[in-house]
Structures are given as C-alpha cells and as structure tokens.
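Notes follow once the structure below has been shown.
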Amino acid sequence: MAMNQNGRASSRDTTKGNWVEEMRGSLMVVATVIATLTFQIAINPPGGVWQQDSNNQQGCASGNTCKAGTSVLATSSDDENQRLKYEMFILLCTVSFTASQTVILFLLTGFQLRNRLVMWLLILVMCLSVICLAGAYVISIWMVMKPLDKLINKITLYYALFWAGLVALLCLALLLRFLIWLFKAFFRFLCCW
C-alpha cells in the first residue's frame, strides 16, 4: 500500500479498498436475493405441484400417475416440447442458484478477496446467474401461457433476445475492462521488474 507524506494510505488505495468493499456488499445482497428466488422456484414451480396423486382423468399425462408434490407442468402434458421447456427452466434455475451460492460461499469464507481480479471474477459469475434467471423467466412465460397468442409469443421472444443481448454486451464490456486492467497490470509489473 502506497503511503503519502503524512504516513496515510494514498487516495488511490483507499478508493480501491472502498470499491472492493462496496462490491462485496453488493454482490452479497444480489447473490442472496437470487439464491432465495431460485430456491423458492424449485420448491414452488410455475403451475404449482400436484396436491394428491392424480391420473390422466385429472389432468395427468396419459398412462402416468402424477405423484403428490411433483410439478404439474412437468407431468401434466404428453407434449414433449412442454417437458423440454420445463427441463430447461429447471436447468437455468439450478445454474443461477449454484452461481449465487458460489458467490455467497466465497464472500463468507474469509478468503483474501480484497483485490479487483477476484471481485471481477465473482461479478462474472453473478452475470451468469442473472442471464440464467432471465432465461428461466422467459421459459416460464412460455410454459404457463400455453398456447401463446402469436403477438405475445413474438413480444416475449424479442424480450428474451433483447435481454440476452444486453446482458451479453454488459458481460463483454466487463470482460474487456478486466482485460485492459490485466494488460496494464502486466506492463506495470514489467516496468518495475
């Protein structure tokens, strides 16, 4: 840590420390909210769960007995496309949950996370979590609002593409900032060596 003439930390180091601490706090809040949300989705999926064992006369897919506590959308249709949507939905929620839990564990364990490299990596993990959560949102709309009106289907598709593009651009910008920082750090290292 660089010291100024009075023996205090320079403003650059103080600003860096404040940024890292602020990011730690922000990441913890966002990761906790996303983990809570995706956990709730897993125990209360869109469409709800069967309240009692059901058969095909009660809405279950033909030839199946739907068990109490299982997802209605996962078992109520013979439509393979609907089942695939549900599986993608659960996969995206699981990735989002796991990414959030990873960030929470890293922030809580007390490892030395006080540098920008680690914070940027954690931010990238949270970007993955948000992307998966947005994808799960769109898929849940497609599952619950079946069959969708063609206009609503197009609007939802454009929303999904817009959101995916925006998040991809933000992640790309973050990655570019990280590479620039890494490049500068590398040349500072070479100059001082």
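The values are calculated or read from the model by the stated rules, or taken from the named source; none is laboratory data. Bear in mind the structure is a predicted one, so any value in this text is a computation, not a measurement. Neighbour counts are summed over all protein chains in view; Cβ atoms, including those assigned to glycine, are modelled from backbone coordinates with ideal geometry. Protein only, heavy atoms only, side chains kept; ligands, DNA and RNA dropped before computing areas. Shrake-Rupley method; radii C 1.70, N 1.55, O 1.52, S 1.80 Å.
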* To do: Please go through segment 86-127 and pick out each residue that is in contact with a strand residue (DSSP E or B) (Cβ under 9 Å, 6 or more places away or on another chain) and either at pLDDT below 80 or of a type in the set (A, V, I, L, M) (or both).
  => Ile90
* Among residues of segment 148-163, those that are at pLDDT 85 or above and not in a helix (DSSP H, G or I), counted -> 0
* Asked: Scanning for something more than 23 Å from Ser26 (Cα to Cα) and aliphatic (A, V, I, L, M), does segment 104-118 turn up at least one residue?
  -> no
* Test result for Leu73, touching a helix residue (DSSP H, G or I) at 6+ places or on another chain (Cβ under 9 Å), crowded, with 17+ Cβ neighbours inside 10 Å, at pLDDT below 80 and assigned to a helix (DSSP H, G or I) -> yes
* Structure fact -> Residues of segment 128-147 being touching a residue at least 24 places away in the same chain (Cβ under 8 Å), open to solvent by 30 Å² or more (accessible area, probe 1.4 Å) and part of a helix (DSSP H, G or I), in sequence order, are Leu128, Val130, Ile131, Leu133, Trp142, Val144
